[in-house]
Amino acid sequence: EGAENAVFTLKQVKKGGSTGPAAGTIIWKETWGSKTGAISSYDFSGTSTYGNSTTGLSYSVDNNNDKLDSATAGSITSNNCFFYKSAESSLTMSGIKLEGAKKLTLTFTTNGTNFAVYYKVDSGNETCLCKSCSKGTENSYTFEVSGDVITLRFNKTGTSANNRLDDIVLKVAEN
């Protein structure tokens with residue numbers, strides 16, 4: 001009897017269609033680079049996004065005294081977003097593409113507790129992640145999403161102190 005050869009073809013099938021980026025993948029990261037001055041003129045050179053595209057990203061602030069600053073305070077040791085004490089104000093980051101991610105972890109560092117953080121996906125309603133963030137530490141929040149584009153809003157509450165925000169990272173969470 002002659003030897004028989006068997007040929008097998010292996011095919012990888014993704015369950016339920018595309019699963020999006022792997023856990024741990026950074027969707028968006030902001031460290032402000034070496035920028036100082038008006039947030040409205042920020043050129044995104046300190047921004048990392050999944051796939052390296054910053055197309056569609058925009059930042060807005062509702063207090064002209066808020067700025068990018070090189071001073072340090074508390075656990076903030078690098079350039080940061082500075083919120084001026086005279087009024088409540090918000091920094092909004094729009095146009096962050098989710099690329100199929102369904103579960104995210106947002107981390108950031110503040111030097112004060114006067115921050116509330118919100119997100120919304122596509123044109124949906126805003127959801128609050130925290131009403132008072134931890135001072136001088138890395139804050140971390142994990143949440144599930146469904147949609148294409150996420151907007152993040154950091155709202156400085158209160159008018160008694162300056163506050164700083166830095167090292168913002170949005171990454172894919174473990175399922």
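The values are calculated or read from the model by the stated rules, or taken from the named source; none is laboratory data. Computed from a prediction, not measured in an experiment: that's the story for all the values here. Cβ atoms come from the backbone with ideal geometry, glycine included; neighbour counts cover every protein chain shown. Each accessible area value is taken on the protein alone, full model and side chains, heavy atoms only, with ligands, DNA and RNA left out. Shrake-Rupley method; radii C 1.70, N 1.55, O 1.52, S 1.80 Å.
Details
- G100 meets the conditions (1) more than 20 Å from A173 (Cα to Cα); (2) more than 12 Å from the chain's Cα centre (by Cα) in every case but one. The failed one is (1).
- Residues in the stretch 153-166 that are open to solvent by 50 Å² or more (accessible area, probe 1.4 Å) and within 12 Å of the chain's Cα centre (by Cα): R153 only.
- Pair list, Cβ under 8 Å, 6 or more apart: the stretch 60-72 residue under 9 Å from L91 (Cβ atoms) and part of a strand (DSSP E or B), other residue of a type outside the set (K, R) and open to solvent by 40 Å² or more (accessible area, probe 1.4 Å): S60/S40; V61/S40
- Members of the stretch 130-152 found to be part of a strand (DSSP E or B), surrounded by fewer than 18 Cβ atoms within 10 Å (Cβ to Cβ) and of a type outside the set (V, I, T), listed by number: C130, E138, S140, Y141, F143, E144
- Screening the stretch 56-74 for residues that are open to solvent by 20 Å² or more (accessible area, probe 1.4 Å) and of a type in the set (D, E) and picking the one that is nearest to E138 (Cα to Cα) gives D69.
- Check on V7, at pLDDT 90 or above and open to solvent by 30 Å² or more (accessible area, probe 1.4 Å): no
Every residue, every condition in (1) buried (at least 17 other Cβ atoms within 10 Å of the Cβ); (2) within 18 Å of R153 (Cα to Cα); (3) aliphatic (A, V, I, L, M), yes or no:
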site	(1), (2), (3)
I76	yes, no, yes
N80	yes, yes, no
E88	no, yes, no
L104	yes, yes, yes
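- Residues (farther than 17 Å from L165 by Cα and open to solvent by 60 Å² or more (accessible area, probe 1.4 Å)) located in the stretch 20-47: A22, I26, S41, D43, S45
- Residues considered: F82, F143, F154, F115. Of these, the only one that is in contact with a Cys (Cβ under 7 Å, 6 or more places away or on another chain) and of a type in the set (F, W, Y) is F115.
- For the stretch 10-43, the tally of residues that are at pLDDT below 85 and under 14 Å from the mean Cα position of the chain (by Cα) stands at 1.
- Residue list for the stretch 90-102, restricted to those being assigned to a strand (DSSP E or B), open to solvent by less than 10 Å² (accessible area, probe 1.4 Å) and either more than 17 Å from N139 (Cβ to Cβ) or among the charged types (D, E, K, R) (or both): I96
- Subset of the stretch 119-129 [in contact with a Lys or Arg (Cβ under 9 Å, 6 or more places away or on another chain) and either farther than 29 Å from Y84 by Cβ or loosely packed, with under 13 Cβ neighbours inside 10 Å (or both)]: E126, T127
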